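The next block holds one structure in the form of structure tokens; read it before the comments.
Every read-out reported here was derived from the displayed coordinates using simple, explicitly stated rules and does not represent laboratory data. Being a predicted model, the structure only gives us computed values, none of them experimental. Here the Cβ is made from the backbone with ideal geometry for all residues, glycine too, and neighbour counts use every protein chain on show.
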Amino acid sequence: MGGEAGMGGGEALYELKAVSKHFRRGPSLVKAVDEVDLIVGRGEFLVIQGPSGSGKSTLLNLLGGLERPTSGQVLFRGKDMGSVAEGELASLRLRVFGFVFQQFNLIPTLTALENVEAALAPAVRDGARRRARAVDVLEQVGLLERSGHLPSELSGGEQQRVAIARALANDPEVILADEPTGDLDSASGAEVVRRLEELSSEGGKTVVLVTHDQSIGGRASRLLLMRDGRLFPA
Ligand code: ADP
Ligand code: MG
């Protein structure tokens, strides 16, 4: 089947209708995302597992407003993101979507706390409020005692948890994680996945995680498989 992928109860946050994203590569057309139908419910922890090149990053970028579909609709809160003005998309990316990537992308010269504060700078002008908020989110990922350390003084798993704190800084509704455990050993990876799962189960966030790692699906509230641009039930 093409993957009419429903949600497990709850209200729809995203609804994707026949969404495709094609890239031209020389003479050939790459169907990175191919006619995907998907509903993501509020507060879900959705894991999408698939091999390299199956279209996971492209799909996540569509959910995060980093790409626009070639055809089809990405409805977010009922609104078609494909027709939203660039300025509004930028504001969604800043305030409503939090991104976590394989590379932690922390600023090496800033401490953990300062890295999180930097993410707050565009939205929160007041320094004391920025600090209080940064402390709060570092505490949520269990890293308060590490807040004065530089990235180089932290383990990979700790750096990724700082990156999660940074993604949480502006209190996004959705966390979009692209191979968040790709650079981690299995124990640190499991800890990072546990933290992301908690954001959904305890924090009420909607979390979408894409990965090639077959061991991650176990903590998901729903697991889908991606193959050749299409989604399938696990
Ligand atoms: P995954 O994240 O599962 O590895 P991607 O979404 O990165 O998959 O890529 C899916 C397919 O789309 C691959 O064949 C990739 O080469 C192609 N692709 C992705 N982005 C681009 C792009 N900007 N230009 C051309 N081809 C792309
Ligand atoms: Mg990818």
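In this calculation the C-beta distance from SER83 to GLU11 is compared with R0 = 35 Å, giving a FRET efficiency of 0.95.
Relative to the Cα centre, the charge distribution of region 8-155, modelled as +1 at Lys and Arg Cβ and -1 at Asp and Glu Cβ, gives a dipole magnitude of about 340 debye. A simple spin-label model places the labels of PHE23 and SER155 3.4 nm from each other, with each point 7 Å out along Cα-to-Cβ. Among 110-120, 187-197, the peptide with the highest mean count of other Cβ atoms within 10 Å heads the list, and the full ranking is 110-120, 187-197.
Taking Lys and Arg as +1 and Asp and Glu as -1, the other residues whose beta-carbon sits under 15 Å from that of SER71 total +1.
Working from label points 7 Å from Cα in the Cα-to-Cβ sense, the ASP136 to GLU202 distance is 1.6 nm.
The magnitude of the dipole of region 71-196, with charges of +1 and -1 set on the Cβ of Lys/Arg and Asp/Glu and taken from the Cα centre, is near 400 debye.
With the convex hull drawn over the C-alpha atoms of region 104-159, the volume per residue is 77 Å³.
Straight-line cross-link partners of LYS56 among the lysines, defined as a Cα under 16 Å from its Cα and at least 8 positions apart when in the same chain: LYS21, LYS31. Full extension of the chain segment joining SER215 with ASN105 gains 37.2 nm, where the gain is 0.36 nm per residue of separation less the Cα-Cα distance.
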